[in-house]
Amino acid sequence: MRIRGWAIAIVAALWALGGAPARAQNAANGEILYRAYCEACHGVVPANGPDRAANDPARIRAAASGGVPEMRIVNFLSDNQLRDIAAWVAQVLGIGPPQPQANYTALWWNPQESGWGVNFNHQGAILFGTLFTYDAAGAPLWLVMPAGNLQSGTTFSGDLYRTTGPPFNANPFTPIGAGNLTVVGTMTVTFSASGTAALAYTFNGVAVSKTIQRQVFGSRAASCSTIAGDRATATNYQDLWWNAAESGWGLNVTHQDDTLFATLFTYDATGRDLWLVMAAGTRQADGSYLGDLYRTTGPAFNANPFTPLGPGNLAVVGTMRLRFANGSAGTLAYTVNGVSVTKAITRQVFASPVPICQ
Ligand code: HEC
């Protein structure tokens with residue numbers, strides 16, 4: 001896998017699927033549909049084609065939308081109907097339902113160590129991690145694991161990078177390149193069924209191990225699953241957002257109830273990594289989310305114990321506003337010490353399926 005700037009080389013996702021959140025497959029409905037529309041050509045027991053599409057509705061769509069000319073007559077079936085057929089095929093052939101895949105997209109932290117955290121964005125078998133913490137002098141430090149690959153079970157592991165880049169208000173913001181990336185160590189995370197995870201990373205030879213869990217600031221953490229398709233209709237904005245023409249900075253959004261917690265990963269005037277946080281962006285009457293933007297200081301990343309931040313660590317540097325045009329595009333506007341920045345943002349896609357949170 002090639003790493004290009006901030007992002008992983010993007011595999012073009014040619015999914016012809018709609019934006020509706022995935023619903024559970026209905027194999028019984030799939031059998032009715034199969035009997036009506038497929039059996040005449042493929043037999044009572046699926047053969048010569050559908051047997052290759054167990055739990056794989058995209059394969060049926062590919063055949064019906066041109067791959068198999070005879071099948072154009074069934075291309076009117078909806079994505080949900082194809083999903084039902086693929087589920088019934090799997091059932092009747094004894095393959096069984098697809099294993100529900102847990103999705104770990106969330107803001108994770110250690111509740112005893114308020115002040116640092118790690119955002120995981122989970123797509124396909126890849127975990128993209130952004131760690132926000134502090135250096136030995138207490139200044140903001142962020143590190144990124146752009147490709148935490150699934151090892152086995154629920155363990156993901158990858159190289160950890162520190163990056164440099166244009167100042168947050170550079171316009172245009174030139175995408176970062178190989179010269180901006182330094183491998184500083186590795187990161188490994190193992191998720192457990194109980195909802196905690198073991199985080200271990202090394203930064204310039206210093207090893208850190210922490211137990212983390214999803215951060216809850218609303219009534220509950222968002223529940224994330226996966227979807228192969230776009231999310232224009234999504235109403236939960238939890239995700240990693242970016243501007244595709246400006247690889248190198250990004251915004252992690254955590255969405256609970258009517259509040260967004262957002263961490264902005266960017267660079268200061270000297271090109272050094274800088275992260276800023278909107279701890280409570282609340283929903284406004286016009287549908288946008290607005291909150292104070294903070295720059296924080298704190299104990300070094302490897303402090304043990306890591307003393308939670310207090311009021312003396314927080315400085316309001318401005319405000320941040322997020323306005324979403326739909327579930328997959330929006331505008332980010334913020335000010336830092338009087339400097340205003342406005343950017344178009346979209347959800348960052350680097351693998352499939354992608355997360356959908358509720
Ligand atoms: C008019 C006949 C016809 C109908 C109706 C039809 N198919 Fe097919 N299908 C074919 C033919 C011909 C092939 C190619 C046979 C082969 O690949 O061996 C095929 C191939 C396929 C393939 C294999 C494509 C691949 O990627 O290898 C799948 C999957 C499939 N059909 C599913 C279905 C499903 C599900 C339905 C009902 C919704 C259906 N077909 C209805 C004729 C039909």
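We did not get these values from a lab; they are worked out from the coordinates using the rules stated. A quick note: this is a predicted structure, and the numbers were derived from the prediction, not measured. Here the Cβ is made from the backbone with ideal geometry for all residues, glycine too, and neighbour counts use every protein chain on show.
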Relative contact order, percent, of the chain when contacts are C-alpha pairs under 8 Å separated by at least 6 residues? 18
Evaluated at 4 °C with a viscosity of 1.567 mPa s, what Stokes-Einstein diffusion coefficient in µm²/s does the range 209-248 have when Rh comes from the Kirkwood expression over alpha-carbon pairs? 96
tail above 13 Å in the computed P(r) of the range 160-207, as % of all Cα-Cα pairs, reads 67
May I ask you to derive the relative contact order of the range 244-358, considering only C-alpha pairs under 8 Å and at least 6 residues apart, and to give it as an integer percent? 16
Could you tell me what a quarter of the Cα convex hull surface of the range 109-245 works out to, in nm² with one decimal place? 10.5
Going fewest to most other Cβ atoms within 10 Å around each Cβ, GLU31, GLU70 line up as GLU70, GLU31
Likely footprinting exposure, ILE356, ILE227, ILE73, ILE95, fewest C-beta neighbours within 10 Å first: ILE73, ILE95, ILE227, ILE356
Can you tell which of VAL74, VAL208, VAL118 shows the greatest fluctuation in a Gaussian network model of the chain with Cα springs below 10 Å? VAL74
Specify, per residue and in Å³, the volume enclosed by the convex hull of the alpha carbon atoms belonging to the range 278-358. 171
Take the alpha-carbon positions of the range 302-348, form their convex hull, and give its projected area averaged over all directions (one quarter of the hull surface) in nm². 5.6
For the range 99-162, how big is the tail of P(r) above 17 Å, as a whole percent of Cα pairs? 45
For the range 136-232, what's the relative contact order in percent, using C-alpha pairs closer than 8 Å and at least 6 residues apart? 19
Per residue of the range 351-358, what does 6.51 cos²θ - 1.76 cosθ + 1.60 with θ = phi - 60° give for ³J(HN,Hα)? Whole Hz please, x for Gly and Pro, Karplus curve as stated. 7, 9, x, 9, x, 9, 10, 9
Per DSSP H run of at least 4 residues, take -39500 (n - 2.57); add these up for the chain, divide by its residues and hand me the 222 nm value, nearest 500 deg cm²/dmol. -2500 deg cm²/dmol
A chain fully extended from PHE217 to VAL44 at 0.36 nm per residue, minus the present Cα-Cα distance, gains in nm 57.0 nm
So which residue, out of ALA62, ALA344, ALA125, gets the largest mean-square fluctuation from a GNM of the chain using Cα contacts under 10 Å as springs? ALA62
Dividing the convex hull volume of the Cα atoms of the range 218-358 by its residue count, what figure in Å³ per residue is obtained? 147
Given Cβ point charges of +1 (Lys, Arg) and -1 (Asp, Glu) and nothing else, what value in debye, to the nearest 20, does the dipole of the range 233-358 about its Cα centre take? 120
Stretched fully, the stretch from ASN75 through SER288 gains (0.36 nm per residue minus C-alpha distance, one decimal, in nm) 72.8 nm
For the chain, which cysteines have no second Cys with its Cβ under 4.7 Å from theirs? CYS38, CYS41
What's the magnitude of the charge dipole for the range 45-157 around its Cα centre, counting Lys and Arg as +1 and Asp and Glu as -1 at the beta-carbon? Answer in Debye, nearest 20. 300
Determine the dipole magnitude for the chain: charges of +1 sit on the beta-carbon of Lys and Arg, -1 on that of Asp and Glu, nothing else is charged, the reference point is the Cα centre, and the result goes in debye to the nearest 20. 180
Calculate, for SER194 and ALA125, the FRET efficiency according to 1/(1 + (r/R0)^6) with r their C-beta to C-beta distance and R0 25 Å; round to the nearest 0.05. 0.70
Cα convex hull volume per residue for the chain (Å³): 153
In what order do THR202, THR342 fall by count of nearby beta-carbon atoms within 10 Å, going from fewest to most? THR342, THR202
